[in-house]
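**Student:** Following this message is one structure expressed as structure tokens.
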Amino acid sequence: MEKLAIFGGDKVKTTPFGTGKRFGDEELQQLKEALEQNTLFYWFGNKVKQFLDKFKTMYGAEYAVATSSGTSAIHVALGAAGVGPGDEVITSPITDMGSIIGIVFQNAIPVFADLDPHTYNMTAETIAAKITDKTKAVVVVHLAGNPAEMDPIMELCRPRGIKVIEDCAQSYECFYKGRRAGTIGDFGCFSLNDFKHISAGDGGMILMHNEEDYVVAHKFADKNYNRFSKNPQELRKIEYIAPNYRMNELTGAVAIAQLDRLPWICERRNVLGERLTAGIKDLPGIQIHEVKEGNKSSYWFYMFRIDEKAAGVNRADFAAALTAEGIPASVGYLPACVYEYDMFKNLEGFRGTHVPFNLPEYGREIKYASGDCPVAEEILETSIRLNISEFYTEQDIDDIIHAFKKICAHYAK
Ligand SMILES: Cc1ncc(COP(=O)(O)O)c(C=O)c1O
């Protein structure tokens, strides 16, 4: 048996992981063209428009709105879905705050649905358990490039008039039964922050299927100004409050060039993620990052779980052993489920107040506590996260697999 690096043996990974450049001449050329337009305002320039056209074509979607971030894209979708004070919005307890922020800013109440233990996504069953007469929308988070099971979710929500917003911030080119996540619900929201598959520094977009949603979303992302009207008097015919979440032309320019890279990035991540799964799926105590049959993940990260009994080692020691072998690994993903954050435990939506939880429009008691979503909590307690990069080589993945095998052989009885 090979001696583990953590106990003084030789490391598995002796060569650096593959890296590469994310931006190049294409982005520079686009930026130059944007500046030469002599305007960086999306309504006057062409870059944001070109970007949206390209994204719509790629996704086969009819309407798209650009925003300043993934968070704002979700807020705009919520606004366009008519979410307001007193409404409940069901979402995931393992997600970025970007899924939650818009809900609270609309003075609505986030409600958390438990997750599938191995895909880490919400399911129709876990959502159904949280539906009340106040449920206005569901923000379905496709975590880490892996699609949620959308058909049953749509079958649950559609007849009840519940709007479905897909949070695809981590899930570009991720396929549910051959369809792209982001085109199945009423709205699909994406992020261009610097950590995502593609980056424009920050930015976001929303896909939708009908003109009415498009007009409302477009206005909601731009102070509720009506830029569609030919009558200048109608620009500021403001009916209710909406933020300024506009994308500027520089962001749009970079995003155009980034879209060209997207299919390759997602394909590579898929190949590498699948290779890793194939290499570790039969090891004792290792529970892979499951992608349901017929779906395709673009692996924003790879998160597996440890069954400590079968593996013969606890997760902290397994992660430490991997790291010692030269494979960076971090325990869990978030420090706790989102509903365990102080703002929820203390019901403090806006600083120093209990709004929106105490609004008369809501008129109900809500409490958030550890134990609310037991499967999600178990996921965070037993998972280890690995990076996946499109620049990794097959050899990098084989080295990771080698390290897994070495560690499992050492610990498993
Ligand atoms: C699942 C999820 N939703 C929403 C967001 C928010 O995106 P942004 O950072 O662009 O606001 C993120 C970003 O980390 C995310 O991972």
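**Student:** For segment 288-322, which residues satisfy the criterion of being more than 26 Å from the chain's Cα centre (by Cα) and of a type in the set (Val, Ile, Thr)?
**Tutor:** Val313
**Student:** Then there's this: Any idea which residue in segment 95-128 is farthest from the ligand (Cβ to nearest atom), counting only those that are assigned to a strand (DSSP E or B), more than 14 Å from the chain's Cα centre (by Cα) and closer than 20 Å to Leu334 by Cα?
**Tutor:** Val111
**Student:** Also: Can you find even one residue in segment 79-88 that is within 12 Å of the ligand (Cβ to nearest atom), crowded, with 20+ Cβ neighbours inside 10 Å, under 28 Å from Glu249 (Cβ atoms) and at pLDDT 95 or above?
**Tutor:** No, segment 79-88 contains no residue that is within 12 Å of the ligand (Cβ to nearest atom), crowded, with 20+ Cβ neighbours inside 10 Å, under 28 Å from Glu249 (Cβ atoms) and at pLDDT 95 or above.
**Student:** Next question, about the same structure. Looking at this structure, is Ile327 more than 19 Å from the chain's Cα centre (by Cα), surrounded by 16 or more Cβ atoms within 10 Å (Cβ to Cβ) and assigned to a helix (DSSP H, G or I)?
**Tutor:** no
**Student:** Pairs please, first residue from segment 109-134 and at negative phi, second anywhere and in a loop (DSSP other than H, G, I, E, B) and basic (Lys, Arg), Cβ atoms under 8 Å, 6+ apart in sequence or on different chains.
**Tutor:** Ile109/Lys134; Val111/Lys130; Phe112/Lys130; Ala113/Lys130; Thr119/Lys292; Lys134/Arg364
**Student:** Next question. So Thr183 passes all but one of these: (1) part of a loop (DSSP other than H, G, I, E, B); (2) within 16 Å of the ligand (Cβ to nearest atom); (3) in contact with a Gly (Cβ under 9 Å, 6 or more places away or on another chain); (4) in contact (Cβ under 8 Å) with a residue 12 or more places away in the chain. Which condition number does it fail?
**Tutor:** (2) is the only condition that Thr183 fails.
**Student:** Answer yes if at least one residue in segment 130-137 is β-branched (Val, Ile, Thr) and closer than 17 Å to Gly102 by Cβ, and no otherwise.
**Tutor:** Yes, segment 130-137 contains at least one residue that is β-branched (Val, Ile, Thr) and closer than 17 Å to Gly102 by Cβ.
**Student:** Tell me, yes or no, whether segment 220-230 has at least one residue that is in a helix (DSSP H, G or I) and more than 12 Å from the ligand (Cβ to nearest atom).
**Tutor:** Looking for residues that are in a helix (DSSP H, G or I) and more than 12 Å from the ligand (Cβ to nearest atom), one finds at least one in segment 220-230, hence yes.
**Student:** Determine the pairs where a residue that is over 22 Å from Tyr225 (Cα atoms) and assigned to a helix (DSSP H, G or I), located within segment 237-258, has a partner that is among the aromatic types (Phe, Trp, Tyr) and modelled with pLDDT of 95 or more with Cβ atoms under 7 Å apart, the partner being 6 or more residues away or on another chain.
**Tutor:** Ala255/Phe51; Ile256/Phe51
**Student:** Yes or no: segment 188-202 includes at least one residue that is away from the ligand (no atom under 16 Å from the Cβ) and in contact with a Phe, Trp or Tyr (Cβ under 7 Å, 6 or more places away or on another chain).
**Tutor:** So far as segment 188-202 goes, no, none of its residues is away from the ligand (no atom under 16 Å from the Cβ) and in contact with a Phe, Trp or Tyr (Cβ under 7 Å, 6 or more places away or on another chain).
**Student:** Would you call Thr67 buried (at least 17 other Cβ atoms within 10 Å of the Cβ), touching a strand residue (DSSP E or B) at 6+ places or on another chain (Cβ under 6 Å) and closer than 27 Å to Thr123 by Cβ?
**Tutor:** It is false that Thr67 is buried (at least 17 other Cβ atoms within 10 Å of the Cβ), touching a strand residue (DSSP E or B) at 6+ places or on another chain (Cβ under 6 Å) and closer than 27 Å to Thr123 by Cβ.
**Student:** Also, I was wondering about something else. Can you tell me how many residues within segment 2-34 are farther than 23 Å from Lys196 by Cα, aliphatic (A, V, I, L, M) and free of Cβ contacts under 8 Å to residues at least 24 places away in the same chain?
**Tutor:** 0
**Student:** Also, quick follow-up: Can you pull out the residues in segment 256-307 that are within 23 Å of Leu192 (Cα to Cα) and of a type in the set (Val, Ile, Thr)?
**Tutor:** Ile256, Ile265, Val271, listed by residue number.
**Student:** Considering only residues of segment 360-388 that are over 30 Å from Ile327 (Cα atoms) and in contact with a strand residue (DSSP E or B) (Cβ under 9 Å, 6 or more places away or on another chain), which is surrounded by the fewest Cβ atoms within 10 Å (Cβ to Cβ)?
**Tutor:** By that ranking, first place goes to Arg364.
**Student:** Of everything in segment 138-170, what is acidic (Asp, Glu) and within 12 Å of the ligand (Cβ to nearest atom)? Give them in sequence order.
**Tutor:** If the condition is that a residue be acidic (Asp, Glu) and within 12 Å of the ligand (Cβ to nearest atom), then Glu166, Asp167 are the ones that fit.
**Student:** Return yes or no: is Val111 under 20 Å from Asn193 (Cα atoms), among the β-branched types (Val, Ile, Thr) and at pLDDT 95 or above?
**Tutor:** Criteria not met by Val111.
The values are calculated or read from the model by the stated rules, or taken from the named source; none is laboratory data. Predicted, not measured: the structure shown is a model, and the values here were computed from it. As a convention, Cβ positions derive from the backbone with ideal geometry for all residues, glycine included, and neighbour counts pool all protein chains shown.
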